[in-house]
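Only one structure is covered here, and it is reproduced in the block below.
Taken together, the values in this text are just the output of simple stated rules run on the coordinates, not laboratory data. Predicted, not measured: the structure shown is a model, and the values here were computed from it. Neighbour counts run over all protein chains shown; Cβ positions are idealised from the backbone, glycine included.
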Amino acid sequence: MLKQLLEIISISCFAFLIAQATGFIQGIKAELNLDRLKPFDCTLCLSFWTALIYSVVINNGENIFIYISIAPILGYYLENKL
């Protein structure tokens, strides 16, 4: 259970860092003159897709709904509180 919790927190933090904190995606959007770069510029979207892929590839689909339901909400919370 602790391993799953740490994985979910890691997925959410990763999505937040990529989408908002590093400025990497914003730089790509500015360079390519794009308004959106879905799902990479949205913490909620990126954490959902990252959790889905992680759950299918690493955990063979076990507890997939736990990952895809908690990680995006936690990522959204991080985005709004930080």
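At 222 nm, what helix-only mean residue ellipticity would the chain give, in deg cm²/dmol to the nearest 500, using -39500 (n - 2.57) for each DSSP H run of four or more?
So the helix-based figure for the chain works out to -22500 deg cm²/dmol.
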Q.
Go through the cysteines of the chain and tell me which have no other cysteine Cβ under 4.7 Å away.
A. Cys13
Q. So what is the relative contact order of the chain, in percent, for Cα pairs below 8 Å that sit 6 or more residues apart?
A. 36
Q. So, counting K/R as plus one and D/E as minus one, what does the shell of residues with Cβ under 15 Å around Thr22 add up to?
A. -2
Q. Are there GluC sites (Glu not before Pro) in the chain that DSSP puts in a loop and that have at most 16 other Cβ atoms within 10 Å, and which ones?
A. Glu62
